[in-house]
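Undergrad: Below is one structure. I have some questions about it.
Only the coordinates and a few stated rules stand behind these numbers; no lab work does. Here the structure is a predicted model, which is why all the values come from computation and not from measurement. In this analysis, Cβ positions are derived from the backbone assuming ideal geometry, glycine residues included, and neighbour counts consider all displayed protein chains.
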Amino acid sequence: MAGLEKALVPQPCTLIIFGGSGDLSRRKLLPALYNLALDGHLPAGFEVIGFARSEMDDAKYRSFACEAVQKFSRRPYDAAHWAEFERALHYQTASFDDPKSYQALKSRLDEIEARGATLGNRIFYLAIPPSFIGLCARQLKEAGLVHPAKGAEQFSRIIVEKPLGHDLESARKINDELAHVFDESQIYRIDHYLGKETVQNILVMRFGNSIFEPLWDEKHIDHVQITVAEEEGVGTRAGYYEEAGALRDIVQNHILQLLCMVAMEPPYVMDPEVIRSHKLEVLRCLRPFTPQDVERYVVRAQYSAGFCRGLPVVGYRQEKCLKIDSTTETYVALRTFVDNWRWAGVPFYLRTGKRMAKRATEITVQFKNVPRVLFNVDATNPLEPNVLAIRIQPDEGISLRISAKLTGARVRIYPVKMDFRYGTTFGADATPEAYERLILDVMAGDPTLFMRRDEVEAAWQWIDLVQEAWQQKAPERLPEYAAGTWGPPEADRLIESDGRRWRTL
Amino acid sequence: MSSEVHHYISHPPRPVPLEALEDELIKLWRHPEQAQELGTHAVRACMANLIVFYSPAHGPADLDKTLIETVQRHPSRLIILQEEADSGSIHPEALVSTHLDQSHQVFCEQITLRAGQNGLERFPSLVTGLLLEDLPTSLWWASSKPLPHSQIWFLETSRLASQLIYDSFTWQDARQGIRAVTQWLSSTEGDQTAADLAWRRLKPWRRVIAQALDPALVPSALESIVRVSIKHGPHALPQAWLLAGWMAHLLGWQLKSGKVALGVEIVWQFESKTGSVSVACCRLTEGEYALLETAIAWQRGGRTCQARFRADDSTRITVDYEGVELKPRSVVLPQRTLGALVARQLSDFSGDPLFEQALGVAREMADALEQ
Ligand SMILES: NC(=O)c1ccc[n+]([C@@H]2O[C@H](COP(=O)([O-])OP(=O)(O)OC[C@H]3O[C@@H](n4cnc5c(N)ncnc54)[C@H](OP(=O)(O)O)[C@@H]3O)[C@@H](O)[C@H]2O)c1
């Protein structure tokens, strides 16, 4: 019989975290689960099994998780709530390539499922290096741990993290390996940006208000900028980053996903497949780069020594464990177009970098300026154009810059900002972490905010054109930007040659 | 004004670790502590970012009070860069406080960053992270020291602002001061402006002079000016230059020479379309830091006529004429505090081209004294 709740509800399940002792689990997953528990969002039958290499028993894992929650939870640790929550935490030591580990996992699952509360549903969260994805999927199948997508009463779902491959070919390989074991409907490819409130709000803003959508096209929009600026350097991820670089690490997934949300056509229904197909269309409309385009419209650079928040920091090549002659880009800026009717001729400027002036992720839609009459006649002092800024982090919110008359007898025009912030409007604790929302969606079986195979592959196909052009012309040194700045002069020239400027965030 | 300031509550500055500054400011925004005090919800008002450079030994005596007045009139995020006397303190310290307008339940944040001379290079990266986007940014050089226009930290900080505000009334050495400003301006890419508060104070003078010598009132006086004598109080020489520069620019005079006549008087020779013009600036040892008197003489039919403008008691400018049949008149000289002047300048962030032209002539006038 159907329950009383009509919305999609998280189903009882066991969440098996491959890499449950790793950094992602510590910083994001365990705190997210704790916050979901605090809010009463977890299903009544819910258990967690950490599955990783470190030797731990349940008790030790619980104290590992407790420390993680105390350090990283967005809401304060509460001993009483914790005591209740921790009962759901279990741990199984594992070696991913060893079938015995999966047999041990099976026994733990049997034990848990025998109690009945989880209804035998399983979610495998692969918080592990991508090179293990194929292996783990295969082992799961061989151990008989995966329920088929159709015909079984219980469900099995798998969550995989970025990066999904390092180019189209490797992404296809991972997708094929997953497809061997899981049906596409069982696979949830996470891009945690899609779990952020403001990102979801892009659709509400566009299609839940009547004032934006009529202006959302090449007639009214001058250009769009998407910035993902990180303040941190490579930190502990130097090995991974050296192989990946900024283009693969951020542009291929986060930035392209944001671009899709801004540029997609209105879906006719809030159906995951419809939304994902509309996003896919955007990716397919991205103008492909020729090697000449890459030279002209893509800038890559590396940070050199500088100051971040007033503290001296070393350059990329001087970071621990990195090669002194590395040519991995820590910054990319590019100009692209979405070649369809709506966006014809509207440039999209995308940029991302490490060790930039501040941490800021933002989409800005700059509208065309008013004609050069009335208040905008002075060519030396033009009015500031309207800018709609969608701030994704930190401090999620939306602002609109408009021109207003200053009080007084003379007409003096001043740019004012209408600002909406989640934290202020809905209360400080109102903004859940992206992972909270995404984990719930998997439990509820809603894949809207996850990437479908064809989306991931279309994104790689476009990115590969840049990578290939770069490989053909490998410089000995990349242009540099001082840590703590907004990027290299080459990136300024890229946009300024079109008569525009990067926004100072 | 004082009654308005009376409604302001300033919360004492609290030290905050540099790495926690951003979070701390977001928290403020979410839970302004004042909101609890008021028992209602206070909102942040913000029209601009105002970066203030200040060194206690060389800055305005009551900077805090001045700034409260500024943000009350032009709500801004205040980022104060304070140079400490101890040049060895490299690690900047951060303090956060808020100013709350009790009657309107609006608050502004103030972040004070303090470092010694050797730590100044760390300011730009800190300031960059603190600016609120989409708002005009101004840098107020609230110091009597000349602009360090060739120091990297200053160039990088000033690049974050669209406008540099300074007050030439504070300069010890007018020539050095004017050179530093014009050199800074020439190092910008034309997208930044400078604003001297002394130019703003000059506005009533410019208006009254323009009205008194309006061609409809005294035909052809402007074309046939032969002499301008300006008397000013201590520290107002750059303002006198700006006044002369303004006239020279608008009337198309070319500078020929300049020399110090007496210790307190400097005389320049300009060439106008109709002949030569002498401009004399005379510093009075007493009196306000301001223009005190300006006399403008012109030729009419072989006779010399004159209009004399006097700031009698710093509340009015009186104009009287010689050689023309016009009655004396007087206009009110508005009293503006430093905080109000800065606030007014913040709303004019896109600059005044006329000021830059006048400044250009003033620079020539300063240079002419060396030759
Ligand atoms: N960290 C983040 O913030 C973040 C953000 C976005 C995406 N991601 C993605 O999430 C995934 C995990 O990242 P992470 O930072 O958490 O990595 P990590 O800290 O290196 O953790 C890897 C986990 O895998 C386990 N593991 C590795 N090899 C194993 C083996 N042979 N047998 C059993 N367990 C093994 C480790 O166990 P032991 O530690 O017990 O040895 C650990 O729990 C990666 O794909 C990463 O790109 C991470």
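Undergrad: Please list, in chain and number order, the residues 5+ apart from B:G258 or on another chain whose amide H is under 5 Å from its amide H, with Hs placed from the backbone.
TA: Residues meeting the criterion, in which the H sits 1.01 Å from N, are B:Q269.
Undergrad: Still on this structure, I have one more. If you line up the long axis of helix A:272-285 against the longest principal axis of chain A, both from Cα atoms, how many degrees apart are they, to the nearest 10?
TA: On a 0 to 90 degree scale, this one is about 40.
Undergrad: To continue, here is another question. Which trypsin sites (Lys or Arg not before Pro) in region A:1-105 pass both tests, a DSSP loop state and at most 15 other beta-carbon atoms within 10 Å?
TA: Loop-located and lightly packed - A:K6, A:R53, A:R74, A:R87.
Undergrad: If R0 is 25 Å, what FRET efficiency do you get for A:Q318 and B:A85 from their C-beta distance, rounded to 0.05?
TA: Values: r = 34 Å, r/R0 = 1.37.
Between A:Q318 and B:A85 the formula returns 0.15.
Undergrad: Let me ask something additional. Work out the FRET efficiency for B:T188 and B:L326 from their Cβ-Cβ distance, taking R0 = 35 Å, and round it to the nearest 0.05.
TA: On the way: r = 44 Å, r/R0 = 1.25.
It comes out at approximately 0.20.
Undergrad: Follow-up. Select from region A:114-195 those trypsin sites (Lys or Arg not before Pro) which occupy a DSSP coil region and have at most 16 other Cβ atoms within 10 Å, ordered by residue number.
TA: Those satisfying the criteria are A:R115, A:K150.
Undergrad: Let me ask something additional. When Cβ neighbours within 10 Å are restricted to other protein chains, what is their mean count per residue of peptide B:128-138?
TA: 6
Undergrad: Region B:253-334: which trypsin sites (Lys or Arg not before Pro) are DSSP loop and have at most 10 other beta-carbon atoms within 10 angstrom?
TA: Working: sites: B:K256, B:K259, B:K273, B:R283, B:R300, B:R303, B:R308, B:R310, B:R316, B:R329; in loops: B:K273.
Listed in order of number, the matching sites are B:K273.
Undergrad: Sticking with this structure for a sec: Using modelled amide H (1.01 Å from N, peptide plane; none on Pro or chain starts), what sits under 5 Å from the amide H of A:N121, excluding residues fewer than 5 places away?
TA: Those qualifying (amide H under 5 Å, at least 5 residues apart or on another chain) are A:T14, A:F155.
Undergrad: Determine the gain in length on full extension of the stretch A:A114-A:S95; use 0.36 nm per residue of separation and subtract their C-alpha separation, reporting nm with one decimal.
TA: That pair, A:A114 and A:S95, stretches by 4.3 nm at full extension.
Undergrad: Oh, and also: Counting only DSSP beta bridges with both residues in region B:9-161, what percent are antiparallel, rounded to the nearest 5? If you can, show how the numbers build up before the last one.
TA: Values: 14 of 35 bridges.
DSSP beta bridges in region B:9-161 are roughly 40 percent antiparallel.
Undergrad: Next question. Given contacts defined as C-alpha pairs under 8 Å and at least six residues apart, what's the relative contact order of region A:284-348, whole-number percent? Walk me through the numbers on the way to the answer.
TA: Working: 77 pairs, mean separation 23.2, N = 65.
That works out to 36 percent.
Undergrad: Now, a different point. What is the average number of partner chain Cβ atoms found within 10 Å of a Cβ in A:412-420?
TA: Mean shielding count: 4.
Undergrad: Which value in nm describes the separation of the simple spin-label points at A:E55 and A:R27, placed 7 Å from the Cα toward the beta carbon?
TA: Simple spin-label model gives 2.9 nm for this pair.
Undergrad: Go ahead and estimate [θ] at 222 nm for the protein assembly as shown from helices alone: -39,500 (n - 2.57) per DSSP H run with n ≥ 4, summed, over the residue count, rounded to 500.
TA: Value at 222 nm, helices only: -9500 deg cm²/dmol.
Undergrad: May I pose another question? To check you understand DSSP bridge types, tell me what percent of the beta bridges within chain A (both residues inside) are antiparallel, rounded to 5.
TA: Of those bridges, close to 55 percent are antiparallel.
Undergrad: If you don't mind, another one. Taking the dipole about the Cα centre of region A:240-348, with the C-beta of Lys and Arg at +1 and of Asp and Glu at -1, give me whichever of A:V262, A:V313, A:F289 is farthest to the positive side.
TA: In region A:240-348, that residue is A:V313.
Undergrad: A follow-up question, please. Take the alpha carbon gyration tensor of region A:67-140, find the square roots of its eigenvalues, order them as a ≥ b ≥ c, and report rounded if a/c is under 1.5; if not, report prolate when a/b exceeds b/c, else oblate. Let's see the in-between values first.
TA: Numbers: a/c = 2.55, a/b = 1.43, b/c = 1.78.
It comes out oblate by the Cα gyration axes.
Undergrad: Report, by chain and number, residues whose modeled amide H sits under 5 Å from the one on B:L292, excluding near sequence neighbours (fewer than 5 apart, same chain).
TA: Counting only residues 5 or more places away or on other chains, the set is B:K231, B:H232, B:G233.
Undergrad: Would you mind calculating the gained length between A:E184 and A:M418 on full extension (0.36 nm times residue separation, minus the Cα-Cα distance), in nm to one decimal?
TA: Extending this stretch completely gives an extra 80.0 nm.
Undergrad: Just to confirm the number: angle between the C-alpha axis of helix A:133-142 and the first principal axis of chain A, 0 to 90 degrees, nearest 10?
TA: Between the helix axis and the principal axis of chain A, the angle is about 30 degrees.
Undergrad: Let me ask you something else. Can you work out ³J(HN,Hα) from phi for every residue in region A:353-368, in order, using Karplus 6.51 cos²θ - 1.76 cosθ + 1.60 and θ = phi - 60°, giving whole Hz and x for Gly and Pro?
TA: x, 9, 6, 8, 4, 7, 7, 7, 10, 8, 10, 10, 10, 9, 7, 5
Undergrad: Further question: Can you give me the distance in nm between label points at B:K27 and A:K405, each placed 7 Å from the Cα along the Cα-to-Cβ direction?
TA: My value for the distance between the label points is 4.4 nm.
Undergrad: Set the bar at 23 Å for Cα to Cα. Now go through B:K256/B:K327; A:K279/A:K354; A:K279/A:K417; A:K150/A:K279; A:K106/A:K196; A:K417/B:K27 and name every pair that lies beyond it.
TA: Details: B:K256/B:K327 35 Å; A:K279/A:K354 27 Å; A:K279/A:K417 30 Å; A:K150/A:K279 27 Å; A:K106/A:K196 34 Å; A:K417/B:K27 20 Å.
In this structure, B:K256/B:K327; A:K279/A:K354; A:K279/A:K417; A:K150/A:K279; A:K106/A:K196 lie more than 23 Å apart at Cα.
Undergrad: Run the numbers for A:F367 and A:T425: contour at 0.36 nm per residue of separation, minus the present Cα-Cα distance, in nm.
TA: Going from the current span to full extension adds 18.3 nm.
Undergrad: How much of the DSSP beta bridge set in the protein assembly as shown is antiparallel, as a percent to the nearest 5? Let's see the in-between values first.
TA: On the way: 100 of 169 bridges.
Of the beta bridges lying entirely in the protein assembly as shown, close to 60 percent run antiparallel.
Undergrad: Moving on. Assuming R0 = 35 Å, what is the FRET efficiency of B:E286 and B:E223, from their Cβ-Cβ distance, to the nearest 0.05?
TA: 0.45
Undergrad: Can you pull the one-decimal nm distance between simple spin-label points at A:C285 and B:V264, each 7 Å off the Cα toward Cβ?
TA: For the pair A:C285/B:V264, the computed spacing is 7.6 nm.
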